[in-house]
Amino acid sequence: MVDNVNNWLNDHGDYLYRFALARLRDPHLAEDAVQETMLAAIKSNSFKGDSSARTWLTGILKHKIIDLQRKQFREQPISDLIDLDASDTSMDDFFDQSGHWLDKPQTFNMPDNTLEQKQFLGVLDTCMNKLPKKLKAIFMLRDVHETDNEIICKELDITATNAWVMLYRARMGLRKCLELNWTGA
Amino acid sequence: MLTCKQASQLVSQSLDRPLSWRELVQLRFHLLICNACRHFKQQLNQLLIAIEQLKNETVLDQTIQLSTDAKTKILQVIESNP
């Protein structure tokens, strides 16, 4: 059993870790995801050899990523979110009373060389990690892990409307953070 | 007439659900006359493209590895798991 895991870790551990890190953007969570994947893999015995071990393990990992984000989401106090009804004031930073933009969005100067590209992605990474934890968890699930909304609502135990509101806030915050921190070329 | 706040909400929701005909017509009309909301829509598209690039970059970066410590810890957890 331990030999199996040892082999999986040697052959696929780095790949699984990078896969998890790409979708969780947190080294500790990514390590947890690999660990949970290994635990599930030895318990399941479902490897049939008709797919590669890597494909099989990655399939398990995808579910574990959702599990971990659900935990992240649930562990955060509700005060992280303020109220989610339509009359809320959380968008006052972005719009005036009559619903006009306070700061009109400008498109980003997208990077046009490798160095800039690296800097841009670095800013994006920082901005994603600055999101309030609950918003980060749902945003990562939807826009990074590309989970179906139906699954997100079921896993996080929220209504579709709440999910749309939270995703809207996360995207608004993120694009603002990019505007402030990425000046481009 | 949609406000920019409403239009931006619909732009975001269009990534998560199919909009109704009425919403689509209202949104298209708003985007036709509103530069700022058009830019907002482009920003979200740029954001999603950048996320895809960041994911690919991370997955392909061979210098990112599961640390020896993490591997050891995982093996310990497996061993202590009945």
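FYI, it's all coordinate maths here, none of it is from the lab. No experiment lies behind these values; they were computed from the predicted model shown. Neighbour counts run over all protein chains shown; Cβ positions are idealised from the backbone, glycine included.
Relative to the longest principal axis of chain A, what angle (0 to 90°, nearest 10) does the C-alpha long axis of helix A:53-75 take?
40 degrees
Which residue fluctuates the most in chain B, going by a Gaussian network model with Cα springs under 10 Å, if the choices are B:Gln42, B:Gln26, B:Gln65?
B:Gln65
For helix B:4-13, report the angle its Cα long axis makes with the longest principal axis of the Cα atoms of chain B; keep it between 0 and 90° and round to the nearest 10°.
Approximately 50 degrees, to the nearest 10.
Separation between the A:Leu115 and B:Asn56 pseudo-spin-labels, each 7 Å from Cα along Cα→Cβ, expressed in nm?
About 2.3 nm separates the two model spin labels.
Could you tell me which of the pairs A:Lys104/A:Lys134; A:Lys62/A:Lys136; A:Lys43/A:Lys133 are separated by over 25 angstrom between their Cα atoms in the structure shown?
A:Lys104/A:Lys134; A:Lys43/A:Lys133, as the Cα separations exceed 25 Å there.
Please identify, among A:His100, A:His28, A:His145, the residue showing maximal mean-square fluctuation in a Gaussian network model of chain A using a 10 angstrom Cα cutoff.
Maximum fluctuation in the GNM of chain A, among the listed residues, is at A:His100.
Work out how far the C-alpha atoms of the protein assembly as shown reach from end to end along every principal axis, then list the three figures in whole Å, largest first.
Extents along the principal axes: 65, 42, 36 Å.
Could you state the number of Å between the C-alpha centres of region B:1-44 and region A:2-38?
40 Å
Tell me the Kirkwood radius of chain B: reciprocal of the mean inverse pair distance over distinct alpha-carbon atoms, in Å.
16.4 Å
Relative contact order for chain A using alpha-carbon pairs under 8 Å, separation at least 6, rounded to a whole percent?
After rounding, I find 23 percent.
Mind telling me which of A:Asn45, A:Asn129, A:Asn109 comes out most flexible in a GNM of chain A, alpha-carbon contacts under 10 Å?
A:Asn45
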